[in-house]
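Worksheet: one structure, shown below.
The values are calculated or read from the model by the stated rules, or taken from the named source; none is laboratory data. This one's a predicted model, so the numbers in the text were calculated from it and none came from an experiment. When we count neighbours, we look across all protein chains shown, and the Cβ atoms used for this are built from the backbone with ideal geometry, even at glycine.
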Amino acid sequence: MTPPATASTPTRSPEAIRAEREAFYARIGQDNLAPLWEQLHNLVTKTPTSACVPAHWSYNQVRAYITEATDLITAQEAERRVLILENPGLRGKAAITTSLYAGLQCILPGEVARAHRHSQSALRLILEGDGAYTSVNGEKTIMRRGDFVTTPSWTFHDHGNDSDKPMVWLDGLDVQLVAALDASFAESSNDDQQALQRPVGDSVLRYGNGMAPVDWTPAPNKASPLFCYPYARTRESLFGMQAGGQPDPCLGYKLRYIDPLTGGAPMPTMGAYAQLLPRGMTTLPYQCSSGTVFAVLEGEVDVQVNDTRFTAVPNDVFVIPSWAAHTFSVRDDAVLFSFSDRPVQEALALYRENRSGRV
Ligand code: GTQ
């Protein structure tokens with residue numbers, strides 16, 4: 001409380017008080033101190049106030065730039081030939097949301113993206129091409145459009161293309177999350193392509209049929225031993241589910257990819273999802289505290305996010321920031337893939353969502 005003014009403490013003008021405080025802040029600033037009361041309400045906000053904004057990348061448009069990039073640099077030279085999808089509100093940070101990175105990676109027939117490993121977990125959603133591969137931890141996975149493939153933290157991975165067409169996929173990594181924790185480590189392999197220890201498709205056979213090796217226990221890296229989720233199976237579930245009940249009014253028919261051994265997310269830092277929005281559906285407004293990256297696998301949707309509106313068609317990518325209310329209006333049966341940091345927020349008891357249809 002301000003002490004009452006007396007003859008010895010004359011009333012000071014607001015300007016004088018401000019100047020005195022600023023002088024104090026400047027003085028304590030030299031000793032690496034700052035007044036909380038000047039910024040408390042910016043730090044502890046009533047709801048998320050993300051610098052991340054809604055954004056949409058048309059595949060058609062980006063695909064032309066990808067072709068230019070393939071003329072400019074080889075996958076060998078680039079190590080990973082990727083165009084980063086930079087959120088317009090976070091330019092220069094290689095971020096699509098505050099916590100996540102996304103990019104479009106291209107590998108031409110005959111090219112190799114050499115083996116390395118890093119603390120960052122990566123996921124891929126195959127958008128174009130058929131038959132290129134990713135090898136993870138000594139096992140090769142042949143990739144087709146719509147397949148979801150994981151590269152858990154600290155697993156060696158290299159990519160190659162033995163097919164006769166370019167292959168393009170969406171990369172999602174927890175780069176910003178790992179950077180926020182100052183926990184990034186990386187190393188190259190001595191070999192461009194890692195030695196294979198198991199036949200192609202082994203993990204799907206061992207872990208992808210509702211079974212597991214009898215003595216299996218979860219691995220210390222907390223990642224699913226299944227690292228390829230073929231789209232044919234995802235699609236069968238999504239479309240087949242329609243016979244069993246009505247879609248969720250906000251989410252349609254939405255499934256999450258799981259580690260089949262634990263029921264948790266395929267990797268501890270990123271959740272991945274696939275949803276079918278039936279033709280003609282307009283979803284009710286939905287918001288959640290995990291900024292989410294979407295890619296369209298099938299159909300066409302009009303997306304309304306706060307005051308932003310755009311139409312997304314197959315292979316387009318778009319991002320919905322944390323707590324941004326959004327709706328989808330569906331023209332053709334639409335299948336959306338998405339990923340977010342939801343498992344992190346859930347593990348830390350931070351995740352919130354609002355499915356009431358009211359925002
Ligand atoms: O494929 O290993 O988009 O290490 C960014 C960093 C892809 C990869 C990216 C990476 C990779």
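Would it be correct to say that Leu108 is away from the ligand (no atom under 16 Å from the Cβ) and surrounded by fewer than 19 Cβ atoms within 10 Å (Cβ to Cβ)?
Details: away from the ligand (no atom under 16 Å from the Cβ): no; surrounded by fewer than 19 Cβ atoms within 10 Å (Cβ to Cβ): yes.
Judged against the criteria, Leu108 is not a match.
Which residues, taken from segment 207-236, are acidic (Asp, Glu) and surrounded by fewer than 10 Cβ atoms within 10 Å (Cβ to Cβ)? Lay out the reasoning, then the answer.
First, the residues of segment 207-236 that are acidic (Asp, Glu): 215, 236.
If the condition is that a residue be acidic (Asp, Glu) and surrounded by fewer than 10 Cβ atoms within 10 Å (Cβ to Cβ), then Asp215 is the only one that fits.
Could you list, ordered by first residue, the pairs with Cβ atoms under 9 Å in which the first is in segment 156-183 and away from the ligand (no atom under 16 Å from the Cβ) and the second is among the charged types (D, E, K, R), at least 6 apart or interchain?
Note: pairs meeting the criteria are Ser163/Asp130; Lys165/Glu128; Lys165/Asp130.
Of everything in segment 111-138 that's of a type in the set (S, T, N, Q) and more than 27 Å from Ala180 (Cα to Cα), which residue is surrounded by the fewest Cβ atoms within 10 Å (Cβ to Cβ)? Talk me through it step by step, then tell me what you get.
Looking only at segment 111-138, we keep the residues that are of a type in the set (S, T, N, Q), and these are 119-121, 134-135, 137.
Among the residues that remain, those that are also more than 27 Å from Ala180 (Cα to Cα) are: 134-135.
Numbers: Thr134: 26, Ser135: 22.
Only one residue fits best here, namely Ser135.
So which strands (runs of 3 or more DSSP E) are wholly in segment 255-359 and hold at least 1 residues that are of a type outside the set (Gly, Ala, Ser) and under 22 Å from Ser237 (Cα atoms)?
On the way: elements: 271-277, 292-298, 301-305, 308-312, 317-320, 326-330, 334-340.
Qualifying strands (runs of 3 or more DSSP E): 271-277, 292-298, 301-305, 326-330, 334-340.
Might you check whether a residue that is of a type in the set (Lys, Arg) and under 16 Å from Leu127 (Cα atoms) occurs anywhere in segment 141-161?
Step one: of segment 141-161, the residues of a type in the set (Lys, Arg) are 144-145.
Among the residues that remain, those that are also under 16 Å from Leu127 (Cα atoms) are: 144-145.
Yes, segment 141-161 contains at least one residue that is of a type in the set (Lys, Arg) and under 16 Å from Leu127 (Cα atoms).
Scan segment 287-302 for residues that are more than 18 Å from the chain's Cα centre (by Cα) and under 18 Å from Gly357 (Cα atoms) and jot them down.
Start the filter on segment 287-302 by keeping residues that are more than 18 Å from the chain's Cα centre (by Cα), which leaves 298-302.
Result: Asp302, single match.
Restricting to segment 91-112, give me the number of residues that are assigned to a loop (DSSP other than H, G, I, E, B), closer than 15 Å to Ala55 by Cα and in contact with a strand residue (DSSP E or B) (Cβ under 9 Å, 6 or more places away or on another chain). Explain how you work it out, then say what you get.
Within segment 91-112, the first condition is being assigned to a loop (DSSP other than H, G, I, E, B), and the residues that meet it are 91-100, 108-111.
Narrowing the set further to residues that are closer than 15 Å to Ala55 by Cα leaves 91, 94-98, 100.
Imposing the further condition that a residue be in contact with a strand residue (DSSP E or B) (Cβ under 9 Å, 6 or more places away or on another chain) reduces the set to 94-97, 100.
The number of residues fulfilling the criteria is 5.
Could you check, for segment 43-56, whether at least one of its residues is under 29 Å from Glu300 (Cβ atoms) and within 15 Å of the ligand (Cβ to nearest atom)?
no
Residue by residue, here is whether (1) at pLDDT 95 or above; (2) part of a loop (DSSP other than H, G, I, E, B); (3) more than 19 Å from Phe339 (Cβ to Cβ); (4) of a type in the set (Phe, Trp, Tyr) holds:
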residue: Asp158; (1), (2), (3), (4): yes, no, yes, no
residue: Val168; (1), (2), (3), (4): yes, no, no, no
residue: Val178; (1), (2), (3), (4): yes, no, no, no
residue: Gln194; (1), (2), (3), (4): no, yes, yes, no
residue: Arg198; (1), (2), (3), (4): yes, yes, yes, no
residue: Arg206; (1), (2), (3), (4): yes, no, yes, no
residue: Val214; (1), (2), (3), (4): yes, yes, yes, no
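List pairs: first in segment 71-94 and more than 27 Å from Asp192 (Cα to Cα), second near the ligand (Cβ under 10 Å from one of its atoms) and among the hydrophobic types (A, V, I, L, M, F, W, C), Cβ under 7 Å, 6+ apart or cross-chain?
Listed pairs, sorted by first residue: Glu86/Ala94.
Under 7 Å by Cβ, and 6 or more places apart or on different chains, what pairs join a residue from segment 196-225 that is over 23 Å from Ala122 (Cα atoms) with one that is of a type in the set (A, V, I, L, M, F, W, C)?
Ala212/Leu261; Trp216/Leu261
If Ser99 satisfies all but one of (1) polar (S, T, N, Q); (2) closer than 30 Å to Leu350 by Cα; (3) modelled with pLDDT under 95, what's the number of the condition it fails?
Failed condition: (3).
How do the pairs read when you match residues in segment 121-149 that are more than 27 Å from Gly299 (Cβ to Cβ) and of a type in the set (D, E, K, R) with residues anywhere that are within 15 Å of the ligand (Cβ to nearest atom) and modelled with pLDDT under 95, using Cβ under 8 Å and keeping only pairs 6 or more apart or on different chains?
Pairs that qualify, where the first residue is more than 27 Å from Gly299 (Cβ to Cβ) and of a type in the set (D, E, K, R) and the partner is within 15 Å of the ligand (Cβ to nearest atom) and modelled with pLDDT under 95, are Glu139/Phe227.
Taking the criterion of being in a strand (DSSP E or B) and among the aliphatic types (A, V, I, L, M), would at least one residue in segment 230-250 satisfy it?
As a first pass, look at segment 230-250 and keep what is in a strand (DSSP E or B): 248.
Checking the rest, the ones that are also among the aliphatic types (A, V, I, L, M) come to none.
No, segment 230-250 contains no residue that is in a strand (DSSP E or B) and among the aliphatic types (A, V, I, L, M).
Working carefully through the options Asp307, Asp302, Asp332, find the one that is at negative phi, of a type in the set (Asp, Glu) and either surrounded by 21 or more Cβ atoms within 10 Å (Cβ to Cβ) or in contact with a Gly (Cβ under 7 Å, 6 or more places away or on another chain) (or both).
Numbers: Asp307 fails: either surrounded by 21 or more Cβ atoms within 10 Å (Cβ to Cβ) or in contact with a Gly (Cβ under 7 Å, 6 or more places away or on another chain) (or both); Asp302 fails: either surrounded by 21 or more Cβ atoms within 10 Å (Cβ to Cβ) or in contact with a Gly (Cβ under 7 Å, 6 or more places away or on another chain) (or both).
Among Asp307, Asp302, Asp332, only Asp332 is at negative phi, of a type in the set (Asp, Glu) and either surrounded by 21 or more Cβ atoms within 10 Å (Cβ to Cβ) or in contact with a Gly (Cβ under 7 Å, 6 or more places away or on another chain) (or both).
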